[in-house]
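These notes concern the structure reproduced below.
Read-outs throughout are calculated quantities, based only on the coordinates presented, and are distinct from any laboratory measurement. Only a predicted model underlies this, so the values are computations on that prediction, with no experimental measurement involved. Cβ coordinates were reconstructed from backbone atoms using ideal geometry, including for glycine residues, and neighbour counts include every protein chain displayed.
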Amino acid sequence: MRERYAYELIQKGMRIDERKFDEFRKIKIRTDVSNKAEGSAHVTLGETQVIAGVKLKTGEPYPDTPNEGTLIVNAEFTPLASPDFESGPPGEDAVELARVVDRGLRESHCLDLEKLCITPKEKVWTVFVDLHMINHQGNLLDASALAAITALHNSQVPKIEEDTIIRGEYVSKLPVVFTPVNVTVGKIEDKFILDPLIEEENILDSKLSVSVRDDDKICALQKMGEQGINFDDLEKMFDMAIKKSKELRKLVK
Amino acid sequence: MGHKSDKKLIVNGKRADGRELDQMRPIEMQIGLVNRANGSALVKFGDTHAIAAAYGPRELMPRHKQEADRGIIRTRYNMAPFSVDDRKAPGSDRRSTELSKVIRLALHPVVFVQDFPKATVDVYIEILQADGSTRVTGINAASLAMAAAGVPMTDLVTACSAGKIDGKLVSDLNGIEDNFGEADLGYAMIPSKNMVTLLQMDGALTKEELVTLLNMAKESCKKIYEMEMKVLKEKYEKALE
Amino acid sequence: MTENSVVVPGELLGDRKGRKLGQGLYLDGENVFSKFVGVPRINDVEMSVVPLAGVYLPYFGDRVIGVIESVEVSGWVVDINCPYSAFLPLSEGVEGFVDTQRTDLTKFFDIDDVIMCVISRVTKNKTVQVSMDDQTARKLVGGVALKVTPSKIPRIIGKAGSMIMMIKEKTKCDIVTGQNGLVWIRGENKAKAIEAIVMIEKESHLSGLTEKIEKMLGE
């Protein structure tokens, strides 16, 4: 029912929570929310909540990048976050979210992976970013990407002695060199909105997720939703995302 | 993507396989091949070969998955274990899970799902040989398979890739270009409606580069559209004598 | 557009110009497009596309062959070779009054019985009802039901029924075709008739098919 209402309002240029089309809900970011993690962040986007935790583990490098650490992003749509989520292995939505966040981080080269090499060809740091959905009130993707990059910025590299990680002791900050930000532009008929509420998400024709780096370069795109997007609307959607990304990036510390 | 490499992908203005920057690989399309399916197609983009089969509309089980006012589409993208250099473990993984979803959404906009409420159209894509651009090759095969299956559709879907290699924008990435290039775009559209139904990009591009790349992909899709129409018509005009 | 040209999904068939729209089409503004790979049938009053492939989807008035799937209190569930089962209500299946309290409905139609019936109702959500209230409707006793591609049925019937008439004559079989892709055959020589129908389905694209079938049946 709220969907119908949201739709009628959007037709008139309004939204349920009185925001402008290009306005995000109030964002609150707390860091170091889990003290066992190498870094963590809790992002609240209106009522939506996501926690990102970073853990580092040593492992072998990929054969084609012997001098670089590795990055793995995983997302859990925990059943506590929404009546629509079920326990069990990650479904396609969770897998997609994790992979879109992953590409935003990876393709922006936000981590200086060469600094995460311990012994070339043998041992490197693997950076795990685990995204935990806490409450799903819409736009989990942008909230997750924001939590991920904030957690990385606040992560430290553990001390390592003779192959053993000394827990609780750190040698340096994680080498984060860029701050990619994800902005999803929702489309409903001829209207474009940012940061959709869940009621709005359910009535969107399509969505385009855009990951933008500090230098305004676009480093990942993902079209979502059941309808197509008119080719001529794409540039406008990029512009909206680039503009908003500057604002969001200021929140990442 | 993003692997550092000294490999030269462009030499004297031409790509390693001899193509011009905006040139696609040779494309082959064939309808049929899987007679048990309601429709099937094989599409080759150079050395990338994808076969797709469409079943349905057919009864959807379990019943609780049925939707009273419309049908659903299910897709599966799968790479054969022998389709790549190092054998791929059979079965689904995170990549194929995501691709199955985006492919489904790339096809969905053309299907009249309201024409077959409570039922399903199942589209299965198998990559038999992989040399880059597998998902878009698969989408073209799927679009043809669905049309050949008589699924009610507003139009055909066409798909292609484009990307940036050695600093240049190019059409239709092969495997090496995909692995060692700077950016890669997966793109599908309904050409006659100017609607984009798949859009994925990894890399780092300025907005201007991205827009140029999108226009290149759009041009490629127009050519693919002509080919899809032609292969379908030939197949069925022959059937009418 | 010539008579035998094939259209594909999304192909523009022209302006509507106030014409009636039959199956296989959709409208975008005043432009009419095809939904299927098929053959357009366009004249001054009506436009439609006959699909060349696809599973059968039920339309009002279609004459179909069904197989009784189950017997219910007030009628029968019928498999009509499509994603939806159809319901044959008692009143549409049997003439006159039947006391459902005292009558075992299997005496009219039992599970696995084959019937020729007509689609009498299709709701938007594809609840399908069939009826025996049609001159062609009847129980098809004995014989076998063969599944073919629904779009090949017109080819099996042939121009003005020429093909099916020939098969009937040469094989002395009873043959009934349903628009839903089922063909029912009964007679001593049914193996020959099945062979002919399978050949038509397989080779419907080849020219000289009538002669070929005739020769095959003449052997």
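Could you name the aspartates and glutamates whose alpha carbon sits less than 19 Å from that of C:K147, not counting residues in the same chain fewer than 8 places away?
Excluding near neighbours in sequence, the set is B:E59, C:D62, C:E69, C:D79, C:D112, C:D113, C:D174, C:E195, C:E201, C:E203.
By how many degrees, 0 to 90 and rounded to 10, does the Cα axis of helix B:94-107 deviate from the longest principal axis of chain B?
Long axis of B:94-107 versus the principal axis of chain B: about 70 degrees.
Kindly provide the Kirkwood hydrodynamic radius of the protein assembly as shown in Å, to one decimal, from all pairs of distinct alpha carbon atoms.
Kirkwood hydrodynamic radius for the protein assembly as shown: 28.4 Å.
From largest to smallest, what semi-axes in whole angstrom does chain C give when each is the square root of 5 times an eigenvalue of its alpha carbon gyration tensor?
Over the Cα atoms of chain C, the semi-axes work out to 32, 27, 12 Å.
Write down the Å³ per residue value for the convex hull defined by the alpha carbon atoms of the stretch C:12-51.
For the stretch C:12-51, the hull spanned by Cα atoms encloses 52 Å³ per residue.
So how far apart, in nm, are the two label points at A:K121 and A:K20 if each is 7 Å from Cα heading toward Cβ?
About 5.8 nm separates the two model spin labels.
Once both labels are modelled 7 Å past Cα along the beta-carbon direction, what's the B:Q114-C:F97 spacing in nm?
Between B:Q114 and C:F97, the label points sit 4.5 nm apart.
I need the phi-derived Karplus couplings for the stretch C:149-158: 6.51 cos²θ - 1.76 cosθ + 1.60, θ = phi - 60°, integer Hz, Gly and Pro marked x.
Calculated HN-Hα couplings, in order: 5, x, 5, 8, 4, x, 5, 5, 6, x Hz.
If one computes the Cα centroid of the stretch C:157-219 and of the stretch A:74-120, what distance in Å separates the two points?
Computed from Cα coordinates, the inter-centre distance equals 60 Å.
Provide the FRET efficiency to the nearest 0.05 for the C:K139-C:L21 pair, computing r from the beta carbons and using R0 = 41 Å.
0.70
Which chymotrypsin sites (Phe, Trp or Tyr not before Pro) in the stretch C:20-122 pass both tests, a DSSP loop state and at most 10 other beta-carbon atoms within 10 Å?
Here the chymotrypsin sites (Phe, Trp or Tyr not before Pro) that fit, given the DSSP loop and packing criteria, are C:F97.
How about A:K26: which aspartates and glutamates have a C-alpha closer than 20 Å to its C-alpha, ignoring those fewer than 8 places off in the same chain?
Correct list for A:K26: A:D17, A:E18, A:E47, A:D142, A:D195, A:E199, A:E200, A:E201, A:E247.
Pulled fully out, how much extra length does the chain show between A:K28 and A:E161, if you take 0.36 nm times their separation in residues and subtract their Cα-Cα distance?
Roughly 44.1 nm would be gained on extension.
Cut-off under 19 Å on the C-alpha distance; same-chain residues fewer than 8 positions from B:K233 excluded. Which lysines are left, in chain and number order?
B:K44, B:K222, B:K223, C:K35, C:K152, C:K202
Any of B:K235/C:K17; A:K55/A:K207; A:K217/A:K243 with alpha carbons more than 22 Å apart? Name them for me.
Result: B:K235/C:K17; A:K55/A:K207 exceed 22 Å.
Please compute the volume of the convex hull spanned by the alpha-carbon atoms of the stretch C:144-218 and report it per residue in Å³.
75 Å³
Can you list residues from other chains, or at least 5 along the same chain, whose modelled amide H is less than 5 Å from the amide H of A:V157?
Close amide H contacts, sequence-distant or interchain: A:V171, A:S172, A:K173, A:L174.
Which cross-chain or sequence-distant (5 or more) residues have an amide H under 5 Å from the amide H of B:A183, H modelled 1.01 Å from N in plane?
Placed amide hydrogens put B:K164 under 5 Å from B:A183.
From the cross-link list A:K236/B:K193; C:K107/C:K168; B:K65/C:K126; B:K238/C:K192, which pairs have alpha carbons spaced over 22 Å apart?
In this structure, C:K107/C:K168; B:K238/C:K192 lie more than 22 Å apart at Cα.
Find the eigenvalues of the gyration tensor of the Cα atoms of the stretch C:63-140, then list the square roots of 5 times those eigenvalues as equivalent ellipsoid semi-axes, largest first, in whole angstrom.
In descending order, the three semi-axes are 19, 13, 12 Å.
Please list, in chain and number order, the residues 5+ apart from B:T48 or on another chain whose amide H is under 5 Å from its amide H, with Hs placed from the backbone.
Amide H neighbours of B:T48: B:D131.
Using R₀ = 45 Å, calculate the FRET efficiency as 1/(1 + (r/R₀)^6) where r is the Cβ-Cβ separation of A:D215 and A:E86; round to 0.05.
Efficiency, rounded to the nearest 0.05: 0.65.
HN-Hα J couplings of the stretch C:169-175 from phi, Karplus 6.51/-1.76/1.60, θ = phi - 60°, integer Hz, Gly and Pro as x?
Going residue by residue, I get 5, 6, 9, 6, 9, 7, 10 Hz, with x marking Gly and Pro.
Explain nothing, just compute: Karplus ³J(HN,Hα) = 6.51 cos²θ - 1.76 cosθ + 1.60, θ = phi - 60°, for every residue of the stretch A:155-161 in order, whole Hz, x for Gly and Pro.
Couplings: 9, 10, 8, x, 6, 10, 10 Hz.
So what's the stretch C:35-84 giving for Rg/Rh, alpha carbon basis, Kirkwood Rh from the mean inverse pair distance?
Rg divided by Rh gives 1.14.
With r as the distance between the Cβ atoms of C:I42 and B:K222 and R0 = 25 Å, compute the FRET efficiency 1/(1 + (r/R0)^6) and round to 0.05.
Efficiency for this residue pair is about 0.40.
Normalise the Debye intensity by I(0) for the stretch B:15-233, one equal point scatterer per Cα, no solvent, then take log10 at q = 0.07, 0.08, 0.15 Å⁻¹ and round to two decimals.
For the stretch B:15-233 at q = 0.07, 0.08, 0.15 Å⁻¹, log10 I(q)/I(0) is -0.20, -0.27, -0.93.
In nm, give the distance between the simple-model label positions of A:M1 and A:K236, each being 7 Å from the Cα along the Cα-to-Cβ direction.
Reported label-point gap for A:M1 and A:K236 is 3.4 nm.
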